Amino acid sequence: EAKRAGRSTLRFFDPQMQRAVDERAQLEAGLRDALAHREFLLVYQPVMGPGEEVRGVEALVRWAHPQRGMVSPAQFIPLAEETGLILPLGRWVLHTACSLLAQWQHQSARAHLTVAVNVSSRQFRDAGFVDEVLRVLAETGAPAARLKLELTESLLVEDVPATIATMEALCAHGVGFALDDFGTGYSSLAYLKRMPLAQLKIDQSFVRDLLSDPSDAAIVRTIIALAASLDLEAVAEGVETAEQREWLAAAGCSGYQGYHFSRPLPRDRLERWLDGAPPV
Ligand code: C2E
Ligand code: MG
Ligand code: MG
Ligand code: MG
């Protein structure tokens, strides 16, 4: 009986599934040592204001895997969240981004720039999160008012009072908040107005086909109107063409980010880009 059950279970164990399991196990093992081996790096994408001036940058993590080359955060962030490695990784990201802010504050041409850091729900929900951010700001000497934290809509679904309390604790020190990938999750509009938010980031999936898909265009207009009525900025992600940028400007968008302006760049190339030199 047991033998038969065993055999029928085996039928579902196809080689392709096995490969996926192995690959995940390998990535996970590598991820555990990647911090110690200094395999992570940050790249920075410029964020433009309504007049196309540079307002700041968004820090995006990359994993330079010794065998696989660059691994996308879409692949390893979910894994890091499941395993809890997001906590030390997130701390490293925050520390690295704040070190950059601390240095920029002494450079007159860059002192006004903000740095946005993506924060995963697991990290944000950690009991020590507020203290950790304040400690990193103190350790690096970064100005809190130049730090922006990007949260996802999943934080607006459960334990909203705790989310608001954490945001308010950091807001009191000047830290700003944006809601990332807006429109893809399940935000309660009733909660939106109670949060100390500064920005809604319009998800790139709506921006991509803006000019050809009337429903995407309608969604973007709706988000811009919603942001305006809540006194928030609407920043479009994934702006790839001048036509998209013009459409968004006419619709009243407050900021832009995307390959049309610049890809995410390593720090040295970003600083050259900021100085007006085309990145090499
Ligand atoms: P996100 O925060 O929404 O970041 C925007 C993503 O869009 C980035 O992908 C960026 O490279 C990409 N992008 C920017 N402009 C364009 C464009 O014009 N066209 C297209 N097609 N894509 C564009 P990336 O760097 O692969 O990051 C993916 C996601 O991984 C991020 O989405 C964010 O959710 C997460 N992530 C990245 N870095 C971190 C981090 O340090 N911590 C956490 N928790 N998550 C991170
Ligand atoms: Mg983001
Ligand atoms: Mg986004
Ligand atoms: Mg995203």
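Read-outs: derived from the displayed coordinates by stated rules, not from any lab. All of these numbers come straight from a predicted model, not from anything done at the bench. Here Cβ is always computed from backbone atoms with ideal geometry, including for glycine, and neighbour counts include all displayed protein chains.
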(request) May I ask what percent, to the nearest 5, of DSSP beta bridges between residues of the chain are antiparallel? (result) 40 percent
(request) Mind checking the range 220-280 for chymotrypsin sites (Phe, Trp or Tyr not before Pro) that DSSP puts in a loop (not H, G, I, E or B) and that have at most 15 other Cβ atoms within 10 Å? (result) Tyr259
(request) Provide Rg over Rh for the chain; use the alpha carbon set for both Rg and the Kirkwood Rh (inverse mean inverse pair distance). (result) 1.02
(message) With viscosity set to 0.890 mPa s at 25 °C, what whole-number translational diffusion coefficient in µm²/s follows for the range 47-150 from Stokes-Einstein and a Kirkwood radius over Cα pairs?
(response) 166 µm²/s
(request) Add +1 for every Lys or Arg and -1 for every Asp or Glu among the other residues with Cβ under 13 Å from the Cβ of Glu82, and state the total. (result) +1
(message) For a quick check of your reading of the filter: which GluC sites (Glu not before Pro) in the range 25-85 sit in a DSSP loop and have no more than 10 other Cβ atoms within 10 Å?
(response) Glu53
(message) Looking at the calculated P(r) for the range 200-278, what percent of the C-alpha pair distances fall above 16 Å?
(response) 50 percent
(message) How large is log10 of I(q)/I(0) for the range 128-173 at q = 0.15, 0.19, 0.24, 0.32 Å⁻¹ when the intensity is taken from the Debye formula with one equal scatterer per alpha-carbon?
(response) -0.42, -0.64, -0.93, -1.26
(request) Set Lys and Arg Cβ to +1 and Asp and Glu Cβ to -1, take the dipole of the chain about its Cα centre, and tell me which of Cys98, Gln257, Thr166 lies farthest positive. (result) Cys98
(message) Between Gln75 and Asp159, what is 0.36 nm times their sequence separation minus the Cα-Cα distance? Round to one decimal in nm.
(response) 27.5 nm
(message) Springs between alpha-carbon pairs under 10 angstrom, Gaussian network model over the chain: which of Lys193, Lys201, Lys148 fluctuates most?
(response) Lys193
